[in-house]
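Okay, so here's the structure we're looking at.
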Amino acid sequence: MKVTEHIKNANGKTLFSFEVIPPKKGKNINDLYKNIDPLMEFKPPFIDVTTSREEHVYVNKGNGLLEKRITRMRPGTVGICASIKHKYDVDAIPHLLCGGFTKEETEYVLIDCHYLGIDNVMALRGDAMREESYFTPTKGGNAYASDLVNQIAKLNKGEYLHDGVIVEHKSDFCIGVAGYPEKHMESPSLVTDLKRLKAKVDAGADYVVTQMFFDNNKYFEFVKKAREIGIDIPIIPGIKPIAVKRHLQLLPQVFKIDLPQDLIDAVEDAKDNKAVRQIGTEFAIQQSKELLAAGVPVLHYYSMGKSDNIYAIAKELF
Ligand code: FAD
């Protein structure tokens with residue numbers, strides 16, 4: 001079922017959902033299931049599965065030379081979605097990236113998703129590769145998420161890239177896109193970034209999931225500004241509980257977001273990472289309670305590995 005239908009059917013009740021990351025190449029999917037299993041108690045209508053960009057690795061040729069090769073460290077997003085969908089009978093949402101994929105490769109991924117009965121896809125640009133200082137579009141690929149949304153929307157109308165295929169059964173993907181309450185790091189202003197978000201909506205996006213934020217006022221303000229420029233689709237808040245002390249540096253560095261001073265002080269004073277995890281969980285519970293009271297459509301959690309903290313949060317709220 002589409003995310004928008006889940007939201008409609010919930011009749012104003014806030015839903016619970018979360019995101020998982022595919023296991024590293026060579027690892028077993030059972031570790032992922034172990035993290036998902038306990039969370040099924042809270043009946044998530046959908047689970048997101050991320051896609052990671054390709055990386056360069058250097059293979060020692062044995063003659064003093066290194067050969068640069070490209071690899072994916074966490075492949076298998078669509079396969080994982082199919083297995084989650086069939087094991088738990090929930091909607092699984094693959095994240096699709098512009099970076100690292102030609103439009104043709106994207107079309108084939110979408111065709112696979114359609115065959116597998118996947119109803120939703122999350123359309124993202126992706127970040128720069130690790131060694132790049134800024135994002136460079138892949139040759140033959142989409143440059144911005146709005147271009148990817150456009151490609152998916154065209155496929156929904158039965159328009160394939162190159163050939164005049166006679167379409168008997170069109171895809172009907174519900175399309176999610178990313179939104180940034182503290183603006184995207186490359187955007188010159190929040191107003192400009194919101195205009196880019198509007199372009200994604202105009203291209204056919206059906207719902208937005210936000211980047212993590214720790215100050216609910218930033219989310220409320222973002223939603224207000226989005227509504228003012230005519231973005232009228234659901235805007236789902238993304239929540240990340242702080243889990244280790246290093247997050248104080250890592251999250252602002254990677255996601256260009258601010259952390260509230262009281263949270264920073266509490267984490268800095270914590271005696272170990274067990275205490276940090278507890279503080280992060282408590283903070284996320286309070287943050288979620290306020291969002292719940294404001295009637296957000298879904299509370300979407302970034303789990304990034306072990307899910308015991310997400311379980312503790314959901315137990316308090318759902
Ligand atoms: P876009 O919407 O294309 O925006 C990127 C930048 O370009 C913005 O600064 C925007 O303002 C600007 N822009 C947009 N259109 C134009 C235009 N026409 N002209 C000039 N500038 C323009 N990354 C992953 O690698 N894998 C994942 O699974 C993943 N999942 C995510 C899930 C969520 C909910 C979120 C919020 C992010 C996720 N990301 C993921 C990170 C995302 O890929 C990065 O934040 C990326 O840098 C931007 O992606 P986007 O889809 O927002 O890009």
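None of the figures in this text is laboratory data; all of them are computed from the coordinates on show. Source: prediction; values computed, not measured. For neighbour counting, all protein chains shown are included, and Cβ atoms are generated from backbone atoms with ideal geometry for every residue, glycine included.
A simple spin-label model places pseudo-atoms 7 Å from Cα toward Cβ; at ASP215 and HIS86 they are separated by 4.8 nm. Amide H to amide H distances under 5 Å link VAL298 with LEU15, where only residues 5 or more positions off or on other chains count and H is placed in the peptide plane.
When the C-alpha to C-alpha distance is required to be over 32 Å, the pairs from LYS2/LYS274; LYS200/LYS256; LYS8/LYS195 that qualify are LYS2/LYS274. The string of couplings for the range 181-196 from the Karplus curve (6.51, -1.76, 1.60, θ = phi - 60°) is x, 10, 6, 5, 4, 8, 7, x, 7, 5, 4, 5, 5, 5, 4, 5 Hz, one whole number per residue in order, with x for Gly and Pro. Comparing LYS245, LYS25, LYS289, which has the greatest mean-square fluctuation in the GNM of the chain with Cα pairs linked when under 10 Å apart? Top of the fluctuation ranking is LYS25. Across the range 39-153, C-alpha contacts under 8 Å between residues 6 or more apart give a mean separation that, scaled by the residue count, equals a relative contact order of 25 percent.
Cross-link partners for LYS306 among the aspartates and glutamates, with Cα-Cα distance under 20 Å and sequence neighbours closer than 8 places in the same chain left out: GLU19, ASP31, ASP37, GLU41, ASP48, ASP272, GLU282, GLU316. Loop-located trypsin sites (Lys or Arg not before Pro) in the range 67-144 (DSSP state other than H, G, I, E, B) with a sparse environment of at most 11 neighbouring Cβ atoms within 10 Å: ARG130, LYS139.
For the range 149-193, the set of GluC sites (Glu not before Pro) satisfying both a DSSP loop assignment and a count of at most 11 other C-beta atoms within 10 Å is given as GLU168.
The GNM of the chain, with springs linking C-alpha atoms under 10 angstrom apart, assigns the highest mean-square fluctuation among PRO260, PRO44, PRO137 to PRO260. Coupling constants for the range 226-234 follow from the phi torsions by the Karplus curve (6.51 cos²θ - 1.76 cosθ + 1.60, θ = phi - 60°), and in residue order they are 5, 4, 4, 9, x, 7, 10, 8, x Hz; glycine and proline get x. Largest mean-square fluctuation among TYR219, TYR160, TYR302, in a Gaussian network model of the chain whose springs join Cα atoms under 10 Å apart, belongs to TYR160.
Counting Lys and Arg as +1 and Asp and Glu as -1, each charge on the Cβ, what is the dipole of the chain about the Cα centre in debye, to the nearest 20?
Using only the charged Cβ atoms, the result is roughly 440 debye.
Over the range 3-317, what is the relative contact order in whole percent, taking alpha-carbon pairs under 8 Å and six or more residues apart? Please list the in-between numbers first.
Details: 539 pairs, mean separation 58.5, N = 315.
Value for the range 3-317: 19 percent.
Dipole size in debye (nearest 20) for the range 249-318 around its Cα centre, Lys and Arg Cβ +1, Asp and Glu Cβ -1? So the magnitude is around 320 debye. Rank VAL177, THR4, MET212 by how far each Cα sits towards the positive end of the charge dipole of the chain (+1 on Lys, Arg Cβ; -1 on Asp, Glu Cβ) and give me just the farthest. Of VAL177, THR4, MET212, it is MET212.
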